Amino acid sequence: MVPPLMALWLAEPSRFAGLSKGKARLALVGLVLLLLATLSALTVPSPPAVSGDSAKRSDDQADIVLYEAIVDGVRHGGNYYEVAAQELRRGDYPLRPFVTFRLPTLAMVQALMPHWAVVGLLWALAAGVMVAWFNRLRPAFARPPPLFIAMVLLAGGMGAFIQADLAAFHEVWAGLLIALSLAVRRPGHWVAAAGIGAIALLIRETSALYVGIMVMLAWLEGDRREALGWAGGLVLLAVAVAAHAHAVAQVVTPVDPASPGWAGMLGFGFFVEALTLSTALRLAPMWIAALLMGFTLFGWAAWRDLTGIRALATFTAYAALIGLFGRVDTFYWGLMVAPAILIGLAFAPDGLKDLIAAAFPKRRKITVTRLTP
């Protein structure tokens with residue numbers, strides 16, 4: 001007889017509580033392998049160090065300076081594609097293929113607003129993500145203290161997303177929108193989440209990975225209407241990208257430099273490093289940060305909730321994207337999933353406890369006493 005399990009932080013036992021002994025031991029082996037895999041982050045190349053000198057900002061944050069210059073050019077009446085091509089050439093960036101140009105959505109919107117309003121909108125979006133996840137996590141925890149810890153972990157993933165000097169960075173906005181979409185989606189209530197996801201698509205086309213996962217999971221769960229709703233965003237993106245490619249072709253010449261490609265093949269360790277650099281884990285030694293990232297992913301797997309499955313699938317997909325196609329200078333792709341990822345650490349204690357208990361069950365001792373008259 002196995003005694004019933006009591007949750008530590010969560011309102012109910014984790015996903016691992018119901019595993020058989022054999023499956024639980026296999027899962028433990030998988031956790032050990034995951035933790036070992038995270039340590040491969042110690043072997044991957046690191047991005048160039050940032051000087052911290054404001055006079056060298058054009059070198060430290062070259063991409064951000066580029067996007068700010070494009071916004072400024074459009075704000076002063078320039079055509080987006082002509083301005084973007086000019087600034088890309090000025091910065092010795094590749095102009096081919098067309099995906100080297102960002103979609104114009106963010107620059108066009110920011111060009112219509114003063115900088116202080118752009119920063120205010122960014123902070124409002126970040127606050128909305130915090131509120132949405134608080135509402136989403138409140139039923140998951142049995143008591144206020146672990147909920148508070150989860151919110152601190154959420155804040156630890158959002159440090160880069162409230163920096164005013166990153167407001168022109170497309171991944172910052174797309175990452176916040178993905179986190180918000182994930183938090184507000186519930187069974188039967190997906191329209192707002194799909195709409196937010198569609199906005200993320202029009203800001204950064206790599207958001208299609210998240211939206212594609214939402215399509216697939218909705219379809220597998222039998223909700224065809226939701227799957228089609230999410231797929232509508234992908235159709236919208238396809239139309240936008242086709243128009244974008246045509247517009248880029250009008251300003252690019254055959255002598256413009258081409259991208260060296262994105263087949264970085266740096267592996268899972270680079271994903272771990274990218275997420276470490278994008279969150280508060282950057283303050284810890286890399287080996288500790290890498291192991292914590294492993295427990296973060298484990299924690300998401302442990303949460304017995306459909307949001308946990310969707311989050312884990314999203315993180316796994318971006319891990320594959322970054323590990324296969326990311327280059328050292330594109331570590332910022334990690335910002336696409338950074339805001340909410342550290343919340344998984346709040347689910348890890350219950351998951352680990354339940355997994356160990358299932359792998360090594362304790363049997364109650366039954367003592368039989370014979371009574372003689």
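The values are calculated or read from the model by the stated rules, or taken from the named source; none is laboratory data. Computed from a prediction, not measured in an experiment: that's the story for all the values here. Note that we place each Cβ from the backbone using ideal geometry, even for glycine, and neighbour counts take in every protein chain shown.
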Looking only at the stretch 332-344, decide whether some residue is more than 30 Å from W9 (Cβ to Cβ) and under 13 Å from the mean Cα position of the chain (by Cα). yes
Scanning for something out of contact with any helix residue (DSSP H, G or I) (no Cβ under 9 Å at 6 or more places or on another chain), assigned to a loop (DSSP other than H, G, I, E, B) and surrounded by fewer than 17 Cβ atoms within 10 Å (Cβ to Cβ), does the stretch 97-109 turn up at least one residue? no
Report yes if A17 is surrounded by fewer than 19 Cβ atoms within 10 Å (Cβ to Cβ), among the aliphatic types (A, V, I, L, M), modelled with pLDDT under 95 and in a helix (DSSP H, G or I), otherwise no. no
Can you list the helices (runs of 4 or more DSSP H) lying wholly within the stretch 278-348 that have 2 or more residues being over 23 Å from R186 (Cβ atoms)? 286-302, 306-325
Please enumerate the residues belonging to the stretch 57-96 that are outside any helix (DSSP H, G or I) and over 18 Å from P254 (Cβ atoms). Q61, H76, G77, G78, N79, G91
Has the stretch 350-361 got at least one residue that is crowded, with 16+ Cβ neighbours inside 10 Å, in contact with a Lys or Arg (Cβ under 6 Å, 6 or more places away or on another chain) and either at pLDDT 95 or above or in a helix (DSSP H, G or I) (or both)? yes
Cβ pairs under 8 Å, 6+ apart, first in the stretch 62-78 and over 23 Å from F331 (Cβ atoms), second β-branched (V, I, T) and crowded, with 17+ Cβ neighbours inside 10 Å: G73/V83; V74/V83
Quick check on T296: is it buried (at least 23 other Cβ atoms within 10 Å of the Cβ), among the hydroxyl-bearing types (S, T, Y) and touching a Leu at 6+ places or on another chain (Cβ under 7 Å)? yes
If we scan the stretch 45-58, do we find a residue that is surrounded by 15 or more Cβ atoms within 10 Å (Cβ to Cβ) and modelled with pLDDT under 90? yes
Odd one out for M265, checked against (1) exposed (fewer than 15 other Cβ atoms within 10 Å of the Cβ); (2) part of a loop (DSSP other than H, G, I, E, B); (3) at negative phi: (3)
